[in-house]
Amino acid sequence: MKAIVYPTRLLQIALISLALALLLGTAGARGELLFADSFDYPKGDLAGNGPPPGSPPGQGEWTLFNGKPSVALFGFQFPGVYSAGKSVILTGPTETNGDKALAELRPVTAADGAVWVGFLMNKARGGRNGYAVVSLGNNVTGPSLGIGMLFERNRYGLDNNTGERGSRSNTDFRPSEEAVWMVTKLDFITGEDYLWVSPMPGVEPDIADADAQLPMTAAFLSSGFSEVVLTIGYTQATFRFDEVRVATTFADLVSPPLAP
């Protein structure tokens with residue numbers, strides 16, 4: 001019996017080792033990771049945290065502009081997407097802007113071609129309306145692209161102005177307590193933004209299957225972005241965000257950051 005089982009185990013170990021080698025080889029061949037944060041900080045105020053160990057060059061710490069975004073000891077578990085085990089909580093009052101935090105990254109422009117943005121989010125509790133987004137912009141044009149729950153629509157989608165009068169593209173997905181993986185492709189070549197809600201992590205999604213699509217504004221297309229902003233407002237809801245990433249390949253949104 002041992003003569004049969006033992007070699008089988010050796011074969012299993014060999015196959016696992018081969019799989020790990022292939023995985024590591026794939027990770028080593030990834031594109032450029034431009035921003036990555038797992039919010040693996042001490043519980044409490046998000047202000048001043050970051051950049052985390054192993055973060056890309058040019059990534060800055062979080063600055064709070066209003067409200068009090070806070071780090072929670074619990075994070076998301078989403079099949080196929082790496083998670084460090086913590087998250088950040090944002091809360092918004094009904095009649096005004098709520099929590100807002102900003103972190104810098106190196107300027108991302110049309111020269112980067114197509115850029116991918118991914119993050120985990122859910123609505124922990126609260127009512128409808130308002131907005132809760134990860135937005136991208138810069139200190140000249142301000143926030144220009146919002147990804148998340150859109151203003152007074154109670155749907156996930158894209159907003160190219162992140163304000164009350166911005167153009168939007170809604171999905172059919174309502175925010176809920178179930179964690180979703182928001183993936184957006186910013187194609188500076190075609191001038192289009194594409195959004196998928198919880199696509200398969202192992203396969204790059206096709207633009208034909210996008211859940212929302214929105215043209216970039218001329219200002220965003222020409223200036224790009226250098227800030228990642230977490231913001232929520234005009235809603236009684238509480239949202240959590242986790243594993244925020246910006247990269248030049250889809251694979252970088254799935255795997256953990258490479259060690260420096």
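Quick one: count up the residues across the stretch 68-79 that are open to solvent by less than 10 Å² (accessible area, probe 1.4 Å) and closer than 19 Å to I147 by Cβ. Reasoning before the result, please.
Keep residues of the stretch 68-79 that are open to solvent by less than 10 Å² (accessible area, probe 1.4 Å), which gives 69, 71-72, 76.
Adding the requirement that they be closer than 19 Å to I147 by Cβ leaves 69, 76.
Looking only at that region, the number is 2.
Screening G166 with (1) open to solvent by less than 30 Å² (accessible area, probe 1.4 Å); (2) assigned to a loop (DSSP other than H, G, I, E, B); (3) over 25 Å from A219 (Cβ atoms) gives one miss only, at (3). In the stretch 209-249, what residues are open to solvent by less than 10 Å² (accessible area, probe 1.4 Å) and in a helix (DSSP H, G or I)? The answer is F220, and nothing else.
So that you can scan it fast, the table gives a plain yes or no per residue for (1) in contact with a Gly (Cβ under 9 Å, 6 or more places away or on another chain); (2) open to solvent by less than 40 Å² (accessible area, probe 1.4 Å); (3) at pLDDT 95 or above:
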position	(1), (2), (3)
P51	yes, no, no
G54	no, yes, no
Q59	yes, yes, yes
V81	yes, yes, no
A84	yes, yes, no
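Residue under question is V203, and the condition is that it be farther than 17 Å from N154 by Cα, among the β-branched types (V, I, T) and open to solvent by 10 Å² or more (accessible area, probe 1.4 Å); does it hold? So V203 fits the description; yes.
Could you pull out every one of the strands (runs of 3 or more DSSP E) wholly within the stretch 28-90 that has 3 or more residues that are not hydroxyl-bearing (S, T, Y)? Break it down into steps so the answer makes sense when it comes.
Numbers: elements: 33-37, 63-66, 70-72.
Fully inside the stretch 28-90 and qualifying: 33-37, 63-66.
Scanning the stretch 86-114 for residues being of a type in the set (S, T, N, Q) and modelled with pLDDT of 90 or more gives a total of 3. Scanning the stretch 87-123 for residues that are surrounded by 19 or more Cβ atoms within 10 Å (Cβ to Cβ) and either of a type in the set (K, R) or in contact with a helix residue (DSSP H, G or I) (Cβ under 7 Å, 6 or more places away or on another chain) (or both) yields K100, W116, G118, K123.
V203 fulfils the conditions (1) farther than 23 Å from P51 by Cα; (2) out of contact with any helix residue (DSSP H, G or I) (no Cβ under 9 Å at 6 or more places or on another chain) except for a single criterion, (2). Can you tell me which residue is modelled with the lowest pLDDT among those in the stretch 8-49 that are under 18 Å from the mean Cα position of the chain (by Cα) and open to solvent by 60 Å² or more (accessible area, probe 1.4 Å)? If we take residues in the stretch 8-49 being under 18 Å from the mean Cα position of the chain (by Cα) and open to solvent by 60 Å² or more (accessible area, probe 1.4 Å), then E32 is modelled with the lowest pLDDT.
State yes or no: is L136 under 15 Å from the mean Cα position of the chain (by Cα), over 18 Å from A179 (Cβ atoms), open to solvent by less than 10 Å² (accessible area, probe 1.4 Å) and not acidic (D, E)? Against the criterion (under 15 Å from the mean Cα position of the chain (by Cα), over 18 Å from A179 (Cβ atoms), open to solvent by less than 10 Å² (accessible area, probe 1.4 Å) and not acidic (D, E)), L136 qualifies.
The values are calculated or read from the model by the stated rules, or taken from the named source; none is laboratory data. Quantities reported herein were computed from a predicted structural model and do not represent experimental measurements. Every residue, glycine among them, receives a Cβ derived from its backbone with ideal geometry; neighbour counts consider all protein chains shown. We work out accessible area using only protein heavy atoms, side chains counted, and drop any ligands, DNA or RNA first. Shrake-Rupley method; radii C 1.70, N 1.55, O 1.52, S 1.80 Å.
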